[in-house]
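Worksheet for the structure shown next.
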Amino acid sequence: MAMATSPHTLLLKNPNLTPLKNSIFNNPITTTTNTNTRFNLTTKPISIKCAATSQTQTPIQAPLQTQSHQDRVFNFAAGPATLPEKVLLKAQSELYNWRGSGMSVMEMSHRGKEFLSIIQKAESDLRTLLNISDDYSVLFLQGGATTQFAAIPLNLVNPNDTVDFIVTGSWSDKAFKEAQKYSKPSIIWSGKSEKYTKIPSFHDLEQNPDAKFLHICANETIHGVEYKDYPSPKNGLLVADMSSNFCSKPVDVSKFGLIYAGAQKNVGPSGVTIVIIKKDLIGNAQEITPVMLDYKIHADNNSLYNTPPCYGIYMCGLVFEDLLDQGGLVEVEKKNKKKAEILYNAIDGSNGFYRCPVEKSVRSLMNVPFTLEKSELEAEFIKEAAKENMVQLKGHRSVGGMRASIYNAMPLAGVEKLVAFMKDFQATTSFGISASLQ
Ligand code: PMP
């Protein structure tokens, strides 16, 4: 087993040395910091040895700035999903020493002034992006959207209250099932018999007269159906799971009692869940509500009741800044529409070689499920695409086929490359010259 010598070992052996050429401290991202001065000591060399006893270490990766675009794949994963390159580079440049604070965001006290400035800026940028009024609280929570499936009925209704659900796919179905534990939900429409390929016209639906809220999933990540207009419930509030289309287009927040979203698709890494809730709905949680699920606790403490997912919130903040830089959600939506159009056109124009089962008027701009007419070619499609650096195209295990998730951060170039690949794949396999298939 080779013994590895870490840069730390060398520096500690002779602190008089200016840091070595290959030291991580010479990494361009740290040159603006004064970390090097720590080693500009005049003390005698010390003989502390902290040679790693581990196996040979993997070399420290070259900083991303020096890597070419080719080093990154086009990642079509449904979430965690691709993040804007600019945001990753910015996070990288601030990773070691956040804006001269001498600390990484990961090391900061969540109650210190540095982190407070980060969370406040993230909230204020999100308010600007979605035009959220002061009537609403914005909460940065943990536990994923799945935790909200329980938190919502626990906070908004009593155990015997009726609530309505429109079930357009797996996620609204899961939300419905969890709500059964804390309320009396009823499904007023389900797309199950049509394999979740539709969204109902709201005018034709009958709500329960005493329903306290209507729950919808704005975009079903697995099935690829997305609301184009949001319903106005006749009874109760509108509650929406926007996990997979959050910040992908402008939304009139004032139509909703509550919007929730896991961050890991459009706005950041996993670990952060955002809840936007009308303030007058806060403070009526059922008695059994765990403290961590009580919106009042989090609203009263500005999302700092306990240690929040600090680094994730910081990353969301960088994404919000980036979305504002792009011109806000009106511009972002234009780009998303263009990407989706190119992909759906390629599917629809393939003479049935590729198929998207979703009704055209409600196809998602974010998650595009498709199948191959010859389903036996699907594994080959996914394998060949991966060779071309297009990864995570396999459909959800419950649905099969393929799924291309093309969230905000998926560049147009990624979709264009996928479409070109699809055309090539069709031509190649149609002429029977795919070597591995002969
Ligand atoms: N709702 C939707 C629409 C989702 O896509 C997901 C995750 N894929 C969830 C809820 C569950 O989110 P989490 O894994 O963050 O709990």
Out of (1) away from the ligand (no atom under 16 Å from the Cβ); (2) open to solvent by 40 Å² or more (accessible area, probe 1.4 Å), the odd one out for Asn155 is which?
(2)
The condition of being β-branched (Val, Ile, Thr), in contact with a helix residue (DSSP H, G or I) (Cβ under 6 Å, 6 or more places away or on another chain) and farther than 30 Å from Thr82 by Cβ holds, among Ile288, Ile297, only for Ile297
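What about Leu377, is it in contact with a Phe, Trp or Tyr (Cβ under 9 Å, 6 or more places away or on another chain), on the phi < 0 side of the Ramachandran plot and among the hydrophobic types (A, V, I, L, M, F, W, C)?
Values: in contact with a Phe, Trp or Tyr (Cβ under 9 Å, 6 or more places away or on another chain): yes; on the phi < 0 side of the Ramachandran plot: yes; among the hydrophobic types (A, V, I, L, M, F, W, C): yes.
Spelling it out, Leu377 is indeed in contact with a Phe, Trp or Tyr (Cβ under 9 Å, 6 or more places away or on another chain), on the phi < 0 side of the Ramachandran plot and among the hydrophobic types (A, V, I, L, M, F, W, C).
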Among (1) in contact with a Pro (Cβ under 9 Å, 6 or more places away or on another chain); (2) open to solvent by less than 60 Å² (accessible area, probe 1.4 Å) - the single one Asp294 does not satisfy:
(1)
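Only one residue in Glu194, Glu123 is over 16 Å from Gly236 (Cβ atoms), under 20 Å from the mean Cα position of the chain (by Cα) and either within 16 Å of the ligand (Cβ to nearest atom) or open to solvent by 20 Å² or more (accessible area, probe 1.4 Å) (or both), so which one is that? Step through it out loud before you land on a result.
Working: Glu194 fails: under 20 Å from the mean Cα position of the chain (by Cα).
That would be Glu123, the only listed residue that is over 16 Å from Gly236 (Cβ atoms), under 20 Å from the mean Cα position of the chain (by Cα) and either within 16 Å of the ligand (Cβ to nearest atom) or open to solvent by 20 Å² or more (accessible area, probe 1.4 Å) (or both).
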Within region 228-243, residues being within 12 Å of the ligand (Cβ to nearest atom) and either surrounded by fewer than 24 Cβ atoms within 10 Å (Cβ to Cβ) or not in a loop (DSSP other than H, G, I, E, B) (or both) number 2
When region 244-265 is checked residue by residue, the ones that are assigned to a loop (DSSP other than H, G, I, E, B), within 15 Å of the ligand (Cβ to nearest atom) and open to solvent by less than 10 Å² (accessible area, probe 1.4 Å) are Ser244, Asn245, Phe246, Cys247, Ser248, Ala263
From Ile288, Ile342, Ile313, Ile382, grab the single residue that is among the hydrophobic types (A, V, I, L, M, F, W, C) and free of Cβ contacts under 8 Å to residues at least 24 places away in the same chain.
Ile382
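The values are calculated or read from the model by the stated rules, or taken from the named source; none is laboratory data. What you are looking at is a predicted structure, and each value in this text was computed from that prediction instead of being measured. So basically every Cβ, Gly included, is an ideal-geometry build from the backbone, and we count neighbours across all protein chains shown. Side chains included, ligands, DNA and RNA excluded: accessible areas come from the protein's heavy atoms. Shrake-Rupley method; radii C 1.70, N 1.55, O 1.52, S 1.80 Å.
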